[in-house]
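For reference, the structure discussed in these notes is given below.
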C-alpha cells in the first residue's frame, strides 16, 4: 500500500475543517476534485474512509484514525526534507506562520527580521484568530499567533501554547474630541470591523455593557482605514493597542479589557519551527 502525501493532507483537512467544500477552498480546488482524490485514497488504502450522511460526508472510524495519523506523517516528512536540505545542522526549510492583522507588523515581522538562518524561509499568512487553530490542526500553517479567546480549552494534546504578550483594548477618538470612556460615545458614529470578526463582536459587547447600541457608520477589515477614519473625525472606534499606529493623530484611552496573545505549534515540531517560535517568544 502506497500513501500519497497530498491526498493524506486533504483527508487531514477534512477532519479539521468538517466539509469537502471547506477543504476545496483551503486547497484551491473544486469540491469534485477533492472528492475524487479522497476516493482514490480509499482505493489506495482498500478501506472505507468516508460515509455519506444526507448531502454531506463524514469520516468513518478508519478515516479518523488515518486523518489524525496523517498530520504526524506529514510533519515527519517535512522534518526529513528539511534535514536533507540543511547544511551544518542549520535550521532549514519553509515555515508557515499565521497571525492576525495587528500581530504581523508588531510581532511576526520583527521576529523574522532577527532570524539569521540562510536556509530558513518563513512565509507569513494573515489569519483571523478564529481561523488560526483550525489551520494549525489541518497542517495549513506550522505556527500561529492567536489570542486565548480562540484557543479551545482543553488544548488538543498535540498542541503546545506559549504566551507572548498582553494587549490592552483601547477607545479611539479624534484629537480634538477626546473621549474618556465608552459611555461618552453613546451618540457618536462608530467605525467597526467586519461582521463576525473578533473585534466587531468585542466592540458590540463593550458598547452594550456600557448601556447603548453603537451607531455604525463604517466597517473596515484594515485597521489603517479605521485609524484614518477616526483621525478625520468621522467616527470613534475600539481597537487593540497593538493596532494603533503612532503615525495617526488619534487619542487612545485604555479600557479595562486586555487580550492575551499566544503562539501555538504542533508538539514535536521540526527544528525550523522551534526556531521561529523561539524568535516570537524573545523580546525584540
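Scanning the stretch 238-267 for residues that are within 30 Å of residue 94 (Cβ to Cβ) and within 20 Å of the chain's Cα centre (by Cα) yields a total of 12. Screening 169, 216 for residues that are more than 12 Å from residue 255 (Cβ to Cβ) and in contact (Cβ under 8 Å) with a residue 12 or more places away in the chain leaves exactly one candidate, 216.
The residue that is surrounded by the most Cβ atoms within 10 Å (Cβ to Cβ), among those in the stretch 212-224 that are within 21 Å of residue 178 (Cα to Cα) and modelled with pLDDT under 95, is 223. When we screen 195, 156 for residues that are within 22 Å of the chain's Cα centre (by Cα) and more than 30 Å from residue 266 (Cβ to Cβ), the only hit is 195. On the stretch given as the stretch 249-267, residues that are in a loop (DSSP other than H, G, I, E, B) and touching a strand residue (DSSP E or B) at 6+ places or on another chain (Cβ under 9 Å) total 2.
Count of the stretch 181-216 residues, restricted to those that are in contact with a strand residue (DSSP E or B) (Cβ under 6 Å, 6 or more places away or on another chain), in a loop (DSSP other than H, G, I, E, B) and more than 22 Å from residue 103 (Cα to Cα), is 2. Taking residue 141 as meeting all but one of (1) within 22 Å of residue 228 (Cβ to Cβ); (2) in a loop (DSSP other than H, G, I, E, B), write down the number of the exception. Of the numbered conditions (1) within 22 Å of residue 228 (Cβ to Cβ); (2) in a loop (DSSP other than H, G, I, E, B), the odd one out for residue 141 is (1). Among residues of the stretch 60-73 being touching a strand residue (DSSP E or B) at 6+ places or on another chain (Cβ under 7 Å) and farther than 22 Å from residue 267 by Cβ, the one that is surrounded by the fewest Cβ atoms within 10 Å (Cβ to Cβ) is 60. Residues that are within 21 Å of residue 245 (Cβ to Cβ) and more than 20 Å from the chain's Cα centre (by Cα) within the stretch 163-184 comprise 170, 171, 172, 173, 174, 175, 176, 177, 178, 179, listed in sequence order.
The values are calculated or read from the model by the stated rules, or taken from the named source; none is laboratory data. A quick note: this is a predicted structure, and the numbers were derived from the prediction, not measured. Glycine also receives a Cβ, built like all others from the backbone with ideal geometry; neighbour counts cover every protein chain displayed.
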